[in-house]
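What follows is a short report on a single structure.
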Amino acid sequence: MKATCSLLIATIMAATLVACGDKKQETVTVINDTIPVKIMELQQESLQSPVQVSGQFTTDDETSLSFKTAGIINRIFVKEGDPVTRGQLLATLNLTEITAQVQQATLSYEKALRDYERATALYKDSVATLEQAQNSKTALDVARQQLDAVKFNREFSEVHAGTSGFVLKKFVNEGQYLTAGTPVLQINGAHKGDWVLKVSVSDRQWSSIKTGDKATVQADALPGQMLDAVVSRKPEGVDAATGTFIIQLKLTGKVPAAIAAGLFGKATVTPSQKMTAWNIPYDALLDGDAGQGYVFITNDYKTANKIPVKIAGIDHQRVLVQEGLENVKALIVSGSAYLDDSSAIRIIK
């Protein structure tokens, strides 16, 4: 009787523990140093599902115009929404400074030309040396290049429309000082370029979308109409302003006249690239951070092993694991809070 009681006491121990990250308490019975756990068999699932996105319409020839030189804005001749024609003068700087630079460069060039002509004549009369004649030619060439440079700057101290279209946005006002290259106006080609819908996507959506994938587009301005589109541009970097990836959906077929730049649109993109992942319970994930995490698995159904995994996404208390569970037989979904790597386990229903 005593031996039986001793054996019973030695083999059965009860401990009430609180799971990490879970306020619920559960009683775990440890037998012969094995921890009871629940497991699930693993099977990859296809994640090829439509991607819902939204954004604004624009054209692929949308252009921001600016001055090449710094200065004070003298006049802006257009307003937002105004139509423009190719070559039309849109804005000018105060040209006092650049005009003075052109005049100075012109005077320098004229003096260099006179010096060159004089040195050439003297050289022919054997009064000047060959070196003096060559130096005067070099000075003339330098003066000509300087004059060409300031004339070029003078030309681009005005903003002209590069194509016929409409003014989408005006960034500055008259009297404002600008540094070189600061955007002044934004215009587009007004139905001469291809219409696109610029949309923001997450990193997970970006990885599943490829250039050429088909999409359908809707707009509030076109109730009940579905427009066909394809992914025309997929950037390789994150947009600094939004922190997301900006992709472009180019409309195919006939574009309705009601489409205008800045209109809001919604789209459904159908990725052609098949992506597979393991769908696991949220409670099975440990130490998830920045797309990485850990889980406990078992291959022999006797020992738990802690392994790293790459997370594709988290949604509705489920975790999509993209990498790390290859060749794994079973995932531990309950009892992992009490486990260490190589812990002995006992499978329960």
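The values are calculated or read from the model by the stated rules, or taken from the named source; none is laboratory data. Note that the structure is a prediction, hence the values are computed from the model and not measured. Counting neighbours? That spans all protein chains shown, and the Cβs are built from the backbone with ideal geometry, glycine included.
Does any residue of segment 241-257 turn out to be of a type in the set (A, V, I, L, M), over 20 Å from the mean Cα position of the chain (by Cα) and at pLDDT 80 or above? Checked segment 241-257: at least one residue is of a type in the set (A, V, I, L, M), over 20 Å from the mean Cα position of the chain (by Cα) and at pLDDT 80 or above. In segment 205-229, the residues that are over 18 Å from Gly262 (Cβ atoms) reach residues that are of a type in the set (A, V, I, L, M, F, W, C) and surrounded by fewer than 15 Cβ atoms within 10 Å (Cβ to Cβ) with C-beta atoms within less than 6 angstrom, at least six apart or across chains, in these pairs: Thr216/Met226. So Thr92 fits all but one of (1) of a type in the set (Val, Ile, Thr); (2) under 46 Å from the mean Cα position of the chain (by Cα); (3) assigned to a helix (DSSP H, G or I); what number is the exception? Going through the list (1) of a type in the set (Val, Ile, Thr); (2) under 46 Å from the mean Cα position of the chain (by Cα); (3) assigned to a helix (DSSP H, G or I), Thr92 breaks only (3).
In segment 239-277, of all residues being within 23 Å of Gly165 (Cβ to Cβ) and β-branched (Val, Ile, Thr), the one that is surrounded by the fewest Cβ atoms within 10 Å (Cβ to Cβ) corresponds to Val255.
Pull up segment 52-62, narrow it to residues that are at pLDDT below 85 and part of a strand (DSSP E or B), then point me to the one that is surrounded by the most Cβ atoms within 10 Å (Cβ to Cβ). Filtering first and then ranking leaves Thr59. I'd like to check something: does segment 151-162 contain any residue that is under 28 Å from Val53 (Cα atoms) and surrounded by 15 or more Cβ atoms within 10 Å (Cβ to Cβ)? The answer is no, given that none of the residues of segment 151-162 is under 28 Å from Val53 (Cα atoms) and surrounded by 15 or more Cβ atoms within 10 Å (Cβ to Cβ). Considering the conditions (1) surrounded by fewer than 17 Cβ atoms within 10 Å (Cβ to Cβ); (2) free of Cβ contacts under 8 Å to residues at least 40 places away in the same chain, Lys306 is excluded by exactly one of them, (1).
Would you check if there is a residue in segment 185-199 being closer than 22 Å to Leu89 by Cβ, out of contact with any Asp or Glu (no Cβ under 8 Å at 6 or more places or on another chain) and modelled with pLDDT of 85 or more? Yes; the residues of segment 185-199 include at least one that is closer than 22 Å to Leu89 by Cβ, out of contact with any Asp or Glu (no Cβ under 8 Å at 6 or more places or on another chain) and modelled with pLDDT of 85 or more. Assess whether Val328 counts as being surrounded by 15 or more Cβ atoms within 10 Å (Cβ to Cβ), in a strand (DSSP E or B) and either over 26 Å from the mean Cα position of the chain (by Cα) or of a type outside the set (S, T, N, Q) (or both). No; evaluated as a whole, the condition is false for this residue.
Here Val102 passes the criteria (1) closer than 29 Å to Gly189 by Cα; (2) hydrophobic (A, V, I, L, M, F, W, C); (3) in contact with a Lys or Arg (Cβ under 7 Å, 6 or more places away or on another chain) except the one numbered (1).
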